[in-house]
Amino acid sequence: MGLEMKIHCERCENGLSGNAFICVHECTFCEDCTIAMAGVCPNCSGELVRRPKGPDIARWAKYLKKEVGQ
Ligand SMILES: [Zn+2]
Ligand SMILES: [Zn+2]
C-alpha cells in the first residue's frame, strides 16, 4: 500500500480528472481548492504541488512564493 493514487479531492470531493495537487503526505486536492487554500494543505500545513513530474513543480513553487509574498 502507500503510493496509491487518490482520485478525489479531499476538500470538495470532486473527481480529479485534470490537474491534481498533492502535499508531502499525499493529501490530494483539485486545482480550484488548491488555489482557494493558497497552495497550503489544510491537514498538515504542507505545500501543495502539482502532481505531474518535472518543471511544473518548480513553476508552481514560484507562483506560490509570489502569491504568498515571500
Ligand atoms: Zn476540490
Ligand atoms: Zn497534507
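Computed values, structure above
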{"quantity": "The range 1-46: number of residues that are part of a strand (DSSP E or B) and at pLDDT 95 or above", "calculated": "1"}
{"quantity": "In the range 6-37, residue surrounded by the most Cβ atoms within 10 Å (Cβ to Cβ) [restricted to those that are over 13 Å from L48 (Cα atoms) and more than 10 Å from ligand 1 (Cβ to nearest atom)]", "calculated": "K6"}
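The values are calculated or read from the model by the stated rules, or taken from the named source; none is laboratory data. Bear in mind the structure is a predicted one, so any value in this text is a computation, not a measurement. Note that we place each Cβ from the backbone using ideal geometry, even for glycine, and neighbour counts take in every protein chain shown.
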